[in-house]
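Comments concern the structure below.
Each reported figure results from applying straightforward, stated rules to the coordinates on display, with no laboratory input. Computed from a predicted structure; not experimentally measured. Neighbour counts are summed over all protein chains in view; Cβ atoms, including those assigned to glycine, are modelled from backbone coordinates with ideal geometry.
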Amino acid sequence: MTDLDQRIASVLREHAEGETDTGRLLRGSRTLGRRRQARRRAAAGTALTLVGVLGLVGVVRADVGGLAERLPWATAPATAAPLPPRADGAPGAARRPELVGTDPQVLHLGLDTGRARYLAWAVLTAARTESIRFRVGGGHPVLVEVSPDARAVDELLVDGLPGAEGAIPVTFDGRVREFQVGGGGAVRAWQPAPGLYARASMLGGDRNALAEAVGAIRWNEARRCDSPLRLGAVPQGARVDSCEVDVGAFPSGLTAEFTLVRSPAATMEVRLVHGAQIAGQIAQGNRTVGGRPAYLYPDGHQLELLGIPKAHLAASFGWRWSSDPPEGQRDFTETEAAGVLAGTQVARDLTDSRTWD
């Protein structure tokens, strides 16, 4: 059992007869995610946020990549799937590989939407990586990760699979290799253009399926890291470091997360979690943010803006680790978190991507 399994299982066991401690589960998942900050926050952190806020009790598989697609609302009616809109004027990765992973608002690659459906997309500037998770037809999900730094791609997990680090060698020769870790699958590492490194991985599929899926990637287009959540002004000295969106369960569920950073190591995560089965868990707020009720959790590190139907919008902030903060650290405060939440905009209909703009 991995440390991720143990964290989830311990909380669920302790609260099997009562209410799940969602705050603790979130903190546990975030601790794991922070440890892998420069790797796959998108694959593990976003999915575990869904588990945490909903307090789901049941079997949680170790391969957390794509967890949203296995949640209770996954059998949603067919509808137009969201896709990141084109970023007019921005070059594709094949033309300007050095720009990949430098702008949290821009993905420098896309998909042939006539063949593939977007499940998730992310830009992590700290790791200089961009990623898209997608499905071709009824096949297994595929995760493609790209960076101008070969080491960044080499260190990433195989489709978010815990424990796979180092188990599958990465050689950028373009060959498709099958593996047995986590039930098996296929992986390919290659250079789509000089100065650009990519890896595509699929759990449960074979080399032929992965090779077909890779053909749906488009390297000569750019797209916006679009989501139903918009940030307003950020605190002084801070910048947006990452954008992560998971629409694998759309229209019944989705997540969108932005990470703000401030030197040397202060972080604030602002995330929106929508689920058709989410009901209001907090009857009354203990704070007011922008004239609206909000709730500061007992640990003092999470502030949630209340009143969004079937959704949670929260900011996590402050130093949450056992070690001492770096010298000169100026952590984000509750006041700053409130200011960020007050300036956020949420799409009027989370189940209709046409309202996101």
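Excluding ALA347 itself, what net charge comes from residues whose Cβ is under 11 Å from its Cβ, given Lys and Arg +1 and Asp and Glu -1? Please report the intermediate quantities before stating the final value.
Values: positive: ARG230, ARG348, ARG354; negative: ASP226, ASP349, ASP352, ASP357.
Here the count lands on -1.
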- If you take the square roots of the eigenvalues of the alpha-carbon gyration tensor of the range 307-357 and sort them as a ≥ b ≥ c, do you get rounded (a/c under 1.5), prolate (a/b over b/c) or oblate? prolate
- Message: Please give the charge dipole size of the range 318-357, origin at the Cα centre, charges +1 on K and R Cβ atoms and -1 on D and E Cβ atoms. Round to the nearest 20 debye.
- Response: 120
